[in-house]
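See structure below.
The values are calculated or read from the model by the stated rules, or taken from the named source; none is laboratory data. Model, not experiment: these values are computed from the prediction. Backbone-built Cβ (ideal geometry, glycine too); neighbour counts: all protein chains shown. For accessibility, only protein heavy atoms count, side chains too; no ligands or nucleic acids. Shrake-Rupley method; radii C 1.70, N 1.55, O 1.52, S 1.80 Å.
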Amino acid sequence: MLDPIAQFFQRIFAAIGRGVGLVVGWILWPFLTVANWYRARGWIIKGPIGIGLIVLFGLYAYFIWQTQVWSGFNPDYVNSYNLGERKQDAGATSSGAASTTTAAGEVAEPEPKTCVRSAIVDVTADLIDHNVNQNAWISSMLLYKLGLFGLDWDKTPWFDNKASFQRGVNQAVRRTAVELVDSLGRVRGTSGINADLQKARGNLQFDEETWYFGSDSVLPKTPTPNYYRTAMVDLRKFNTSLEACDAIFDGRSDNLIEFLDRISNDIGSTSDIIRKQSEFQNGGWFDTRADDRFWFAYGQLYGYYGILSAAGADFDAVIKARGIEPLWSATISHLRSALRIQPAIISNGREDGWIMPTHLATMGFYILRVRSNLVEMRDVLAR
């Protein structure tokens with residue numbers, strides 16, 4: 001009695017098995033054809049092709065390793081700077097005295113004059129170091145540029161999270177470099193632009209995807225990471241000059257207002273991108289661009305977590321004088337809370353979904369909290 005039912009299910013599973021076999025065979029057919037052709041060739045042909053395949057395998061192994069291993073990643077990296085122990089603002093004279101005359105009439109040698117380094121510049125330079133020295137810069141790697149059989153890695157679920165994270169950090173670094181040149185590193189209207197900061201800003205504006213060669217020229221190029229490394233060196237040169245009191249850090253409240261404005265606008269733009277992705281592309285686990293948006297925003301907040309923490313030390317006198325310490329601490333706390341969200345798989349589901357959560361909406365929530373605090377602090381400082 002049950003035999004017809006059993007035979008029915010057997011036929012169904014057999015059909016499914018044949019279908020899977022056909023799909024696998026269709027996928028493997030080009031590779032099997034090439035393998036058979038390769039086995040029939042002589043060693044004169046096999047040798048160079050084999051060496052090329054070994055090199056290609058090595059490149060892919062290196063590429064996969066670099067995209068999956070995040071060296072130096074630490075959401076609590078700000079703690080290593082001990083910013084709470086800073087007693088003076090950036091650019092303030094920390095030591096040194098004028099020459100004095102002793103009782104015997106001798107002139108005593110003055111102590112060398114030193115000034116306080118900028119924590120913002122130190123953190124910015126270290127973020128660049130994390131992006132291009134502690135890790136390979138993914139966006140300009142050859143295999144990342146080639147994609148998956150010509151399909152951009154950003155449009156796939158694989159191997160693009162670290163690249164998006166690095167670009168997010170780089171966005172925060174670029175924005176900060178612009179503000180250092182335009183306002184923080186000079187007295188506006190009365191001093192020239194600092195040459196080291198100017199060079200750093202120019203190098204950081206270089207595109208993120210240049211490899212040694214490109215389709216637009218047969219001549220070799222300087223790859224993107226080299227420009228960023230040069231910018232890092234220039235930023236550290238500025239801080240060395242500042243420590244020797246040969247450079248300027250203008251820690252006025254109007255400069256802080258402008259800095260907060262720029263950061264607020266920057267993360268506001270990211271919030272809008274996340275909103276559009278969350279509202280119009282909510283495909284749950286099947287939205288292949290959700291991870292790019294999430295990790296870009298994560299990297300941006302990762303960068304601003306350190307930069308704003310450093311700004312709290314560089315502008316400590318202004319923050320205390322205007323009574324925005326509670327707001328500032330809350331902003332830093334919100335940034336750190338956002339960095340606790342580290343899902344293994346990014347889902348862009350419905351906000352009321354229970355099978356496929358919405359990580360993008362959660363990230364967008366933290367961005368809006370940070371931005372709201374930045375706007376409120378800006379308003380208080382402007383009164």
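Of everything in the stretch 278-326, what is out of contact with any helix residue (DSSP H, G or I) (no Cβ under 6 Å at 6 or more places or on another chain), closer than 18 Å to S253 by Cβ and buried (at least 19 other Cβ atoms within 10 Å of the Cβ)? Give them in sequence order. Across the stretch 278-326, the qualifying residues are L308, D316. The set of residues in the stretch 165-202 being among the small types (G, A, S) and either under 15 Å from G306 (Cα atoms) or in contact with a helix residue (DSSP H, G or I) (Cβ under 6 Å, 6 or more places away or on another chain) (or both) consists of G168, A172, A177, S183, G185, A200. Exactly one residue out of I346, I319, I367 is under 22 Å from D89 (Cα atoms) and among the aliphatic types (A, V, I, L, M), and it is I319.
Scanning the stretch 143-178 for residues that are among the charged types (D, E, K, R) and either in a helix (DSSP H, G or I) or touching a residue at least 60 places away in the same chain (Cβ under 8 Å) (or both) yields K145, D154, K155, D160, K162, R167, R174, R175.
Residue-by-condition table, conditions (1) in a helix (DSSP H, G or I); (2) at pLDDT below 80; (3) acidic (D, E):
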residue	(1), (2), (3)
G21	yes, yes, no
V24	yes, yes, no
G47	yes, yes, no
Y62	yes, no, no
W65	yes, no, no
S71	no, no, no
N79	yes, no, no
K87	no, no, no
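Residues considered: G168, G147. Of these, the only one that is of a type outside the set (V, I, T) and modelled with pLDDT under 95 is G147. Here the condition is being open to solvent by 20 Å² or more (accessible area, probe 1.4 Å), more than 16 Å from L301 (Cα to Cα) and either polar (S, T, N, Q) or modelled with pLDDT under 90 (or both); of G202, G192, it holds for G192 alone. With respect to R383, is the statement that it is over 30 Å from D126 (Cα atoms) and in contact (Cβ under 8 Å) with a residue 12 or more places away in the chain true? Judged against the criteria, R383 is not a match.
Every test in (1) open to solvent by less than 100 Å² (accessible area, probe 1.4 Å); (2) at pLDDT 75 or above; (3) closer than 26 Å to F159 by Cα is passed by L28 save one, and that test is (2).
Quick check: anything in the stretch 217-224 surrounded by 15 or more Cβ atoms within 10 Å (Cβ to Cβ) and either of a type in the set (K, R) or closer than 30 Å to S372 by Cα (or both)? Within the stretch 217-224, not a single residue is surrounded by 15 or more Cβ atoms within 10 Å (Cβ to Cβ) and either of a type in the set (K, R) or closer than 30 Å to S372 by Cα (or both).
Okay, residues lined up against (1) among the aromatic types (F, W, Y); (2) in contact with a Cys (Cβ under 6 Å, 6 or more places away or on another chain); (3) modelled with pLDDT of 95 or more; (4) buried (at least 22 other Cβ atoms within 10 Å of the Cβ):
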{"site": "S139", "(1), (2), (3), (4)": "no, no, yes, yes"}
{"site": "L143", "(1), (2), (3), (4)": "no, no, no, no"}
{"site": "D154", "(1), (2), (3), (4)": "no, no, no, no"}
{"site": "V173", "(1), (2), (3), (4)": "no, no, yes, yes"}
{"site": "V178", "(1), (2), (3), (4)": "no, no, yes, no"}
{"site": "D196", "(1), (2), (3), (4)": "no, no, yes, yes"}
{"site": "F206", "(1), (2), (3), (4)": "yes, no, yes, no"}
{"site": "E209", "(1), (2), (3), (4)": "no, no, no, no"}
